[in-house]
Every structure is written in C-alpha cells, then in structure tokens.
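Trainee: Just passing along the structure, written as structure tokens.
What follows is calculated from the coordinates using simple rules that are stated; it is not laboratory data. Here the structure is a predicted model, which is why all the values come from computation and not from measurement. Virtual Cβ from ideal backbone geometry, glycine too; neighbours counted across all protein chains shown.
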C-alpha cells in the first residue's frame, strides 16, 4: 500500500491550506460574533453572512464537493486522496461547510448519489451539491438504546399512495438550521420480519411536511452549535408520497452501512486536523508561559504530553489512511474492521490531546477564548455519534475471534 500523495492531491492540499489561511481562519471570529449577535436579537438560528460569503469563494477556487469519490457530482477523489484535505478542513469548525464538505450533508449526499431515483436527485441532491439547502439524518431515538439500530421504534406505514410516519427522533444534527429542507428518516416498515435487519427503511421527509415538529434544539456540553445545531423532532401522522422511499422497503440497514462508513472516516479525518491545531496551541502556550521560574515547555511533564500527542496523532492518521485505502481497494464492507478501529482510536486520541492542550492553557483552556473547550465537546461527542466505542470494540473483537472459534456441529 502506498500512502504517498499524488501531484493532484499535493496541489489541492496546498490550495485548501492557502484558502484556510486567507479566508477561513480570519472568518472564525466574524462567524462567532454574528451568531452571538443573532442570539442577542432573540434568534441564533439564522444563517451567517460570512458563511454565505465563504462558500462562493471556495467554489470559485475549485475547492467544492471534494468528498465524493469516483462520482460525476464531485471531484472524483478516492477516500485515500480525500483524507489529507479533510484533515486540513477539520482544523476549523466552520471550514467543512465553506467547502460544502460538512456533516451530515456529505453522508446524505452520498446516500442520494448511490440510492436515490433520478427524480429524488433532481429535487434534493442538486441543491445540496450547490450548497443552496442543508439536510439532516433522523435515526437516533430518545426512548430506545439507539446504539442497537434494530431497536428503532418509529413507524413507516403504507396507506395507498402515501406512507404515514410516526415517531420521535433526537440528535438530528442540522435539524434546527433554517436552511435544512430535507430529512432522511429511518423507521420500521415491517416490524414483524424475522430478519431484524430487514425491518427498517429510509424515506425522504421534507421538513415543512405537516406533522413534522421541531421540539427543541439540543445542547452539547452547553453548546447549541447554532445556527446548525442538533434537533429533537416529533413526527405525528406525517404523510409523504410513496415515491419518497429510498431504494425500497426493508433496505434501511443496507443504506445505513453505505452511508455510515464514509461518514465515520470523514469524522476521523477532521478530528486529526482538530488535534493538530490543538497540539500547535499547546506548544505555543507552553513556550510563552512561565511558571515557577521557567517556561511550561521546559517542564518534563509538558514535554511528555507534547511527545505523546505527536505519537497519538500520527498513529491515528496512519490508521485512517489504512482504512481509507482498504475502502478504496476492497469496498466499505470489507473495511468494516478498519473503519471500526479508527472510529474508536481517533475520538479517544483527540480527547486526550485536546485535554492536554487545555491543561497547558490553565483556566483559559476551559473558556471559549482558545476554542479548546469547544473542540473537546465535539471530540467527546464523536465517541457516541455513528456508533459508540463499545459497539465498535465489540465488532472488532468478534472479527478477531471468528477464525479461532471451534466449528459448529
């Protein structure tokens, strides 16, 4: 396996880095100020002007929809080629949207590219690719342990030419965003099917459909992540046309596996960029602050943490590159162990590195002045999102044990 970057990827990485330095990093305080100003006016859920300025700049620079592999709709980069670009974007919480490479839209667009009908693509994929609207993925439910997706209780019942949807969803990222127009909803169409993985389906639900109610935005460690956010939704006798079904009844798990593999690895790529930026902040802070007569950087414990951070980041990066390579050469299903491994390793790595960076900043590390507290909240959340650590570890263990178990009689 060769992890060397092609000339095209090297050029794109340089261009993305330059765009970040010239446009994204200077926009971060502007973005934050706009959100706070909107909040002070009584509504934080308003699209920011600065983001709407960044997106056409990125598109004009040819840095748009880089995430779609081997697709007529994107840059045609493989997972391995996209990895360094996604890492660079991950250094800023606002960057992915500026390049139209942000979750959950990337995963939803991949679903539409792979599984949607021509009509569904025209109505929803085209404006998503253009960055004109946003989307959300309604899967997790408050009343069941959603780490086991077969527990999903929301119902999708056919009634003539329509499906009737009932249920409650939460942690629907992007749901409160005023630009969110479409939800990909997962529910049960055949709860009595003896195959638990054929009970579920996915269906497209426009947000403005009668019966769809945004109950509340949810906070993560006190952050509301406005204007994007995470929503709790109630679906009360929501009716959508039969033509809104994705792929067919009972195909929900099949779609989920196609969606979550790339989504998981993209999260990990971005976390590596976030950890790199945190390590840089730790080094700067430790080099300029003096305690007990010498720079914090001269303290052995600080040096150990800096060294361990570099080791942990590089280990995680190599695991991500290996998983991306295997996805490219063997497919997402064949790479399920490698994807599970990075989904455990990368968030835990990021939590550790960011925590050490916060410690080096002292009390400043837990306020919003240095972004580290927000970074930590994001990284810690990803130990749940797209499957908790425990589920991924169990899967890894089962795959390791399988060749060693005695044959069944």
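Trainee: Give me the distance between the Cα centres of the stretch 290-363 and the stretch 1-53, rounded to whole Å.
Mentor: 23
Trainee: How long is the gain from residue 318 to residue 71 if the chain were fully straight, where each residue apart is worth 0.36 nm and the alpha carbon distance is subtracted?
Mentor: On the way: separation 247, 0.36 × 247 = 88.92 nm, distance 2.53 nm.
Additional length available on full extension: 86.4 nm.
Trainee: If I model a spin label at residue 243 and residue 37 as a point 7 Å from the Cα along the Cα→Cβ vector, what separation in nanometres do I get?
Mentor: It is 4.3 nm.
Trainee: Any idea what angle helix 7-19 forms with the longest principal axis of the chain, computed on alpha-carbon atoms, 0 to 90 degrees, nearest 10?
Mentor: Taking Cα atoms only, the helix is inclined about 70 degrees.
Trainee: Between residue 368 and residue 307, what is the label-point separation in nm under the 7 Å Cα-to-beta-carbon projection?
Mentor: Calculated label separation equals 3.8 nm.
Trainee: Rank by packing, highest mean first: peptides 329-339, 86-96, with packing defined as the count of other Cβ atoms within 10 Å averaged across residues.
Mentor: Working: 329-339: 16.5, 86-96: 23.5.
Per-residue mean Cβ counts within 10 Å order the peptides as 86-96, 329-339.
Trainee: Shifting gears a bit: Please give the FRET efficiency for residue 198 paired with residue 21, using the beta carbon to beta carbon distance and R0 = 41 Å, rounded to the nearest 0.05. Kindly include the intermediate steps, with their values, before the conclusion.
Mentor: On the way: r = 50 Å, r/R0 = 1.21.
With a Förster radius of 41 Å, E is 0.25.
Trainee: Now a separate question. At a 10 angstrom cut-off on C-beta neighbours, averaged per residue, how do the peptides 252-261, 191-200, 2-11, 177-186 rank from highest to lowest?
Mentor: Details: 252-261: 20.9, 191-200: 14.0, 2-11: 11.6, 177-186: 23.0.
The packing order, highest mean first, is 177-186, 252-261, 191-200, 2-11.
Trainee: May I ask you to derive the FRET efficiency for residue 30 and residue 220 from their Cβ-Cβ distance with R0 = 22 Å, giving the value to the nearest 0.05?
Mentor: On the way: r = 23 Å, r/R0 = 1.02.
The formula returns an efficiency of 0.45 here.
Trainee: Further question: Beta carbons within 10 angstrom, averaged per residue: use that to sort the peptides 364-370, 133-139, highest first.
Mentor: Working: 364-370: 14.7, 133-139: 25.1.
Averaged packing, sorted descending, gives the order 133-139, 364-370.
Trainee: Given Cα pairs under 8 Å that are at least 6 residues apart, what percent is the relative contact order of the chain? Before the final figure, lay out each step's value.
Mentor: Working: 679 pairs, mean separation 56.8, N = 409.
In percent, rounded to a whole number, it is 14.
Trainee: Out of all DSSP beta bridges with both ends in the chain, state the antiparallel percent to the nearest 5. Working shown, then result.
Mentor: Numbers: 31 of 37 bridges.
Looking only at bridges with both residues in the chain, the antiparallel portion is about 85 percent.
Trainee: Using label points projected 7 Å from each Cα along Cα→Cβ, tell me how many nm separate residue 159 and residue 333, to one decimal.
Mentor: Placing both labels 7 Å beyond Cα along the Cβ direction yields 3.6 nm.
Trainee: Also, I was wondering about something else. Calculate the radius of gyration of the Cα atoms of the stretch 271-383 to one decimal place, then report Dmax, the largest Cα-Cα distance, as a whole number, both in Å.
Mentor: Values for the stretch 271-383 (Cα only, Rg and Dmax): 16.0, 56 Å.
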